[in-house]
Each structure stands twice: as C-alpha cells, then as structure tokens.
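Please read the structure below before turning to the comments.
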Amino acid sequence: MDVYEAVASRRAVRGFTDRHVPRETLERVLSAAAWSPSASNLQPWRAYVLTDRPLAELKKRAGERLAAGDPWDEPEYEQYPPALKSPYRERRSAFGEQRYGALGIPREDLEARQRAASANWDCFGAPAALFCYIDRDLGPAQWSDVGMYLQTVMLLLRAEGLHSCTQMAWAKYHRTVAEVLSPPDELILFCGMSIGFEDVTVGYARTGRVPLEETVTFVDGC
C-alpha cells in the first residue's frame, strides 16, 4: 500500500470481525515498527500482544468490573488537562458529536453513550490487541517516541489490510491488564490498541481535520 494511502485510510475503527489475525502478520508488522525513530535510539516502548484465550480472559475480567460498577483505577498519567482550552476543547466536543451521532445517540442520552464507550473493554470485538507500556522514569520526549512507534504500527497494519484503534481507555483498568500480563513494576500502561479486520456493518463518522493554515506556518521567501 502506498504510504499516502495508508495515512489517509488509517482511522480509529470501533467494530471488528472475529477473523483470525495470523501471528506471522503481527510479527512482521512489529519487526518493521522497531525501526521507528527514538531520541538516542532509546526505543522506550514495551509492547505486549494478546490473542485467543489470554485476550478473552482480559475481556472477561474487564467486563466483570464494568458490570459491577467498579471505579476506575488510580490514574498513572494525566490523559487531558483538567481545563482543556480552546481550540482543543471545541475539537474534542465536535469529535464526541460526530462519534455518537454516527451511532444515533443524542447528546443527552448519557446511558447510551456509556454503553457505547463500554465496547472499549471488549476491544470492539477485535481478535488481537496490543498493550503499550513505557518506563515510568522516562520523560515527555520518550512519550513522544512511543507515539511515533504506535503510528508506525498502525500504518504497517494498514499495509497488511488490517485496521486498529488506539485506546487510552485501557489505562483506566491498568490493574486488570497487569493481572493478565504481569508487567514489571517500573512500567506504566500508556494505551491499548485493538487490531483486526473491520466490520463494515458498524456505522461510523470519519472525523475531519482543520485547515492546514491552522496548524502549519510556512516561513519562506515567497
């Protein structure tokens, strides 16, 4: 797949079929993603890939917590600033309107929104999931390296005909994930990533992007 096509077709898919994802495909993607850039070649990402029974067990445990109304785990990092300022506040709000609007859920129906959000902890039905950790002693620059790694993984998945969805939601159940994965204590769970073949029967709204001039400034002699 052309790189531009991979970038344009990558999106957060929230509906997957149960079609098996071959391990050799995942190994090929992650072997290539290891060439992602990182400052001083620290390679600060640590990924765990779950399929089959281990993933089913994690989904089961998360579902049980959800059904019991258990509170989220104590956060290990701040996902958004407490007071999100403009224009980011408006962009986030617009995303929510598009996301739930595509599902036919009105803004005031909080219960339906919560039900839709709960699909996160079933990985939207995906048969494979990646959980990305970072050492808690590392800083913002290394977190940005992890972001570049995850983007590389997602683009390579598109080259394999697969889709994905990164999910910070899993950080809210990081203790449950740790029960299944047993990561070293020095690692923080950044996010999960659902991986699989898209279920094209699930409705979605492709979120747009702001005009180039809102995020890019060219400084040249023209």
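Data for the structure
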| read-out | value |
| --- | --- |
| Heavy atoms of ASP52 accessible to a 1.4 Å probe, total area in Å² rounded to 10 | 100 Å² |
| Anisotropy class of the chain from Cα gyration tensor, a/c 1.5 cut | rounded |
| Alpha carbon centroid spacing (whole Å) that separates region 147-222 from region 14-77 | 11 Å |
| Summed residue charge, Cβ within 12 Å of GLN167's Cβ, Lys/Arg positive, Asp/Glu negative | +1 |
| Gaussian network model of the chain, Cα within-10 Å springs - most flexible of PHE131, PHE16, PHE95 | PHE95 |
| Among SER36, SER86, SER118: highest mean-square fluctuation, GNM of the chain, C-alpha pairs under 10 Å | SER86 |
| Three-way shape label, region 110-190, alpha-carbon gyration tensor, a/c 1.5 | oblate |
| Residues of region 135-151 with amide N under 15 Å of a point placed 7 Å along Cα→Cβ from ARG209 | 151 |
| Solvent-accessible ranking of MET193, MET148, largest area first, probe 1.4 Å | MET148, MET193 |
| Paramagnetic label zone (point 7 Å from Cα along Cα-to-C-beta, TYR77; backbone N under 17 Å) in region 147-186 | 147-154, 166-175, 177-178, 183-186 |
| Protein accessible area in the chain, 1.4 Å probe - carbon and sulfur % | 53 percent |
| Residue-normalised accessible area of the chain, given per residue in Å² at a 1.4 Å probe | 59 Å² |
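The values are calculated or read from the model by the stated rules, or taken from the named source; none is laboratory data. Note that the coordinates shown come from a computational prediction; the quantities given were computed from them, not determined experimentally. Neighbour counts run over all protein chains shown; Cβ positions are idealised from the backbone, glycine included. The protein model used for the area step is the full one, side chains on, heavy atoms only, and it has no ligands, DNA or RNA in it. Shrake-Rupley method; radii C 1.70, N 1.55, O 1.52, S 1.80 Å.
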